[in-house]
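Novice: Sharing a structure here in structure tokens format.
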Amino acid sequence: MNNESQTDHPETNGRSQLSDNMTDQNNHKTCRVLVTGATGQLGRSLAACCPPDFDYVGLTRQDLDLGDLSTLQTKLQAKIEAVQPSFILNTAAYTAVDQAESEVEQAWCVNGVAPGLVAAVAARYQIPILHYSTDYVFDGQKSDPYTEADPTNPLSVYGRSKLAGEYAVTAGNDLSLILRTSWVFSQYGHNFLKTMLRLGAERDTLAVVSDQVGAPTSAHWLAQTTYAMLRTLRDSQLPTQYAGLYHMTAGGHTSWHGYAQYLLTQAQEMGFELRVPIDQVLMQTSAQYPTPAARPLMGRLDTTRLQTAFGIEPEHWQTGVQDVLMRLQKCEF
Ligand SMILES: NC(=O)c1ccc[n+]([C@@H]2O[C@H](COP(=O)([O-])OP(=O)(O)OC[C@H]3O[C@@H](n4cnc5c(N)ncnc54)[C@H](OP(=O)(O)O)[C@@H]3O)[C@@H](O)[C@H]2O)c1
């Protein structure tokens, strides 16, 4: 599906008229997913790659405002009764990491408190919730990739609010899955990849942070992987065995500088109009580029648990970059 139809009909991918008894070619009952954050990178990717055995129903901020705790539960309850979803995917979040330092209350409400209420309402209907979180729950002091068992220690308001959201969702719903990801990019919205393409077209030189390491993760891969996980949950006799915390990032790792160099080199080869020569993409340290919110220097996440439980092999981050560049070139957004 293309972006236009998503924008025109934010609540549906056009398949929401299917009856609950409808089946796909493999005789699977069509499984309806209710998705918050329908206008975000992940929300839109989940709509765009919704497979035939799923039925996507997206909720925008206008449909369900996670910043308004007084109406949240009643509104969500009404949506659940109208849509009758099999799963709820909470992709909505306050994601402005630096701004969160000065909008603490808003970030805390949307990321820390509201997800718990969403999870608790879902639990009343025995609906599992998949809730997305972040590598920013860690302080980045470890040298190896973080596992789900590692202690958290967020450095920012955003990280602390997302960690509070993890606890709230887990407490509110026994069927919840918390999915921590990192450095999300796509053809949609605002992200590092699109910022680099814009700046690379405008400037003769760029300085990019080289001492923060992580895995740039494509929202398209996150969406496809989410549907694969939902299939496992749908087909399982014991879906509760899958509840818990998972790290869900692309394979490989790099620094922001390595990421910028790679994506700009690829973009140049694909014919994007760029002004900056690759050798003028310069390294700088986090100390040279101070931001209101501190970021972990090492944000790599170990995805073994995801691979073992769901049989999922993460795609390499460079594959995701190539894919998004191709989509941008073909104006698939
Ligand atoms: N982006 C990253 O690099 C990154 C990294 C690690 C983890 N994550 C996590 O991954 C998930 C998906 O991120 P994303 O990149 O898709 O985020 P995004 O593109 O910034 O989208 C955020 C979505 O949340 C919605 N939202 C914000 N405040 C809301 C509110 N008060 N009520 C209802 N909806 C609200 C936004 O709606 P509007 O369009 O109306 O603002 C938008 O649809 C989030 O949980 C995020 O924390 C993201």
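Readers should treat all values here as calculations from the given coordinates under stated rules, not as data from a laboratory. Owing to the predicted nature of the structure, the values given are computational and were not obtained by experimental measurement. Positions of Cβ are generated from backbone atoms using ideal geometry, with glycine treated the same way; all protein chains shown enter the neighbour counts.
Novice: Given H placed on each backbone N at 1.01 Å, which residues far from T134 in sequence or on other chains put an amide H within less than 5 Å of it?
Specialist: The answer is T181.
Novice: Hey, can you grab everything whose amide H is under 5 Å from the amide H of G251? Only 5+ residues off in sequence or another chain; H modelled, so Pro and N-termini drop out.
Specialist: E315, H316, W317
Novice: To continue, here is another question. Pick from R32, R203, R231: which residue has the top mean-square fluctuation in a GNM of the chain where Cα pairs under 10 Å get a spring?
Specialist: R203
Novice: Under a GNM of the chain (C-alpha, springs under 10 Å), which listed residue has the highest mean-square fluctuation: A96, A287, A114?
Specialist: In this elastic network of the chain, the residue with the biggest mean-square fluctuation among A96, A287, A114 is A287.
Novice: Pick from G258, G58, G320 the residue whose mean-square fluctuation is largest in a GNM of the chain, springs joining Cα atoms under 10 Å.
Specialist: Comparing G258, G58, G320 in the GNM, the peak value goes to G258.
Novice: I would also like to ask the following. Round to a whole angstrom and tell me the spacing of the C-alpha centers of region 280-314 and region 39-85.
Specialist: Cα centres, region 280-314 to region 39-85: 28 Å.
Novice: Which one, L76, Q261, S218, is farthest towards the positive end of the dipole of the chain when Lys and Arg carry +1 and Asp and Glu -1 on their Cβ?
Specialist: Farthest towards the positive pole: L76.
Novice: Skipping prolines and chain starts, which residues have an amide H placed within reach, meaning under 5 Å, of the one on S286, given they are 5 or more residues away or on another chain?
Specialist: S210, D211
Novice: If we sort 41-48, 183-190, 68-75, 293-300 on the protection proxy, mean other Cβ atoms within 10 Å, highest first, what's the order?
Specialist: 41-48, 183-190, 293-300, 68-75
Novice: A follow-up question, please. Could you give the size of the charge dipole of region 116-271 about its Cα centre, using +1 on the Cβ of each K and R and -1 on the Cβ of each D and E, expressed in debye and rounded to the nearest 20?
Specialist: 420
Novice: Starting from the 7 Å offset along Cα-to-Cβ, what nm value, one decimal, do you get for the label separation of D235 and I278?
Specialist: 4.1
Novice: Given Q288, P314, M229, which one lies farthest toward the positive end of the charge dipole of region 215-315, if we put +1 on the Cβ of every Lys and Arg and -1 on the Cβ of every Asp and Glu?
Specialist: M229
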